[in-house]
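What follows is a set of notes on a single structure, which appears directly below.
The values are calculated or read from the model by the stated rules, or taken from the named source; none is laboratory data. Small disclaimer: the values here were computed from a predicted structure and weren't measured. Cβ coordinates were reconstructed from backbone atoms using ideal geometry, including for glycine residues, and neighbour counts include every protein chain displayed. Each accessible area value is taken on the protein alone, full model and side chains, heavy atoms only, with ligands, DNA and RNA left out. Shrake-Rupley method; radii C 1.70, N 1.55, O 1.52, S 1.80 Å.
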Amino acid sequence: MNQFSAELQAIALSLVNLITAWGLKVIGAIVVLLIGRVIAGWARKLVRRMLEGVKVDPTLVPFLASVAYYLVMAMVVIASLSMAGIPTTSLVAVFGATGLAVALAMQGTLSNISAGVMLLVYRPFKVGDYVEAGGTAGNVSAISLFYTLLTTPDNIQITVPNSVIYGSTVTNYSANYPRRGDIVVGISYDDDIALAVKTIDDLLSGDARVLRDPEPVVAVSALGDSSVDILVRYWSKRENYGGLRLDMMRALKEGVEAAGCSFPFPQRDVHLYQVSNAR
């Protein structure tokens, strides 16, 4: 009986020691996890405030803040598991292999995300700009981490992956101010060039949408096969570019013709020679 009691006491003592040792480790791991979660929350708020302070695109702020939060939490989880006595070397290797497999499986998606981050950071265009990118042209209606929405002039919405845009040449027609318009007017070789130039100058001066600085240019640009080509170069605000170009082409046609000049058609002289059949 005394031997049985001694064995029970030994088992109880071992259990107490085991519970004490592991209990302290588990409690410490829980404390580290709770404190780390608070620190991760602080890191997310700090990153958000810093990005908002440097005026980073609003679409990018929550994404980068979440990345900072989960990075801190990953380190906290590994630290808490290590404190609890769980080997973390193999666990980190498993996480790394899993992350690599996921990255390979989501290569296209991650490529769009990285391209979206670069577009939002470097901002080659913004919402409202008219751009040509990825083989598509239109007004930018939205920029996200995965894709960019373009609206064509005929009101068709096109979704373009960010990786396609970032890997191609981007032409932004709305970035610079003002916009330049070039129109070539061809008159006959028999027409008065000075009269045509004066008529065009008067048409440009009469349209308030044509800017005076830079000054418009009207000059002979080429002597074509059938016409004398006059270059009409003017500048306008971005918002007036399209409408002004359409109106100016009609005004030039009607105004130059009203001044007595003509728009010759391409023509070719054909000379026929009769060859006698001498035998």
Among the candidates Ala194, Ala222, Ala251, Ala208, single out the residue that is in a helix (DSSP H, G or I) and either without any contact (Cβ under 8 Å) to a residue 40 or more places away in the chain or open to solvent by 80 Å² or more (accessible area, probe 1.4 Å) (or both). Ala194
When you scan the stretch 227-241, do you find a residue that is farther than 30 Å from Pro62 by Cα, part of a helix (DSSP H, G or I) and hydrophobic (A, V, I, L, M, F, W, C), even just one? no
Give the residues of the stretch 213-234 that are under 15 Å from Tyr177 (Cβ atoms) and at pLDDT 95 or above, sorted by residue number. Tyr234
What do you reckon, is Ala40 within 30 Å of Val127 (Cα to Cα) and at pLDDT 75 or above? no
Exactly one of Leu46, Leu91, Leu71, Leu100 is open to solvent by 80 Å² or more (accessible area, probe 1.4 Å) and modelled with pLDDT under 65, and that one is Leu100
Scan of the stretch 249-271 for residues that are more than 18 Å from Asp190 (Cβ to Cβ) and over 48 Å from the mean Cα position of the chain (by Cα), ordered by number: Val270, His271
Does the stretch 216-231 contain any residue that is small (Gly, Ala, Ser), under 45 Å from the mean Cα position of the chain (by Cα) and under 30 Å from Asp129 (Cβ atoms)? no
So which of Val131, Val140, Val184 is open to solvent by less than 80 Å² (accessible area, probe 1.4 Å) and touching a residue at least 40 places away in the same chain (Cβ under 8 Å)? Val131
Residue list for the stretch 117-128, restricted to those being farther than 22 Å from Arg179 by Cα and surrounded by 13 or more Cβ atoms within 10 Å (Cβ to Cβ): Val117, Met118, Leu119, Leu120
All positions within the stretch 150-168 that are open to solvent by 30 Å² or more (accessible area, probe 1.4 Å) and within 15 Å of Asn112 (Cβ to Cβ): Thr159, Pro161, Ser163, Val164, Tyr166, Gly167, Ser168
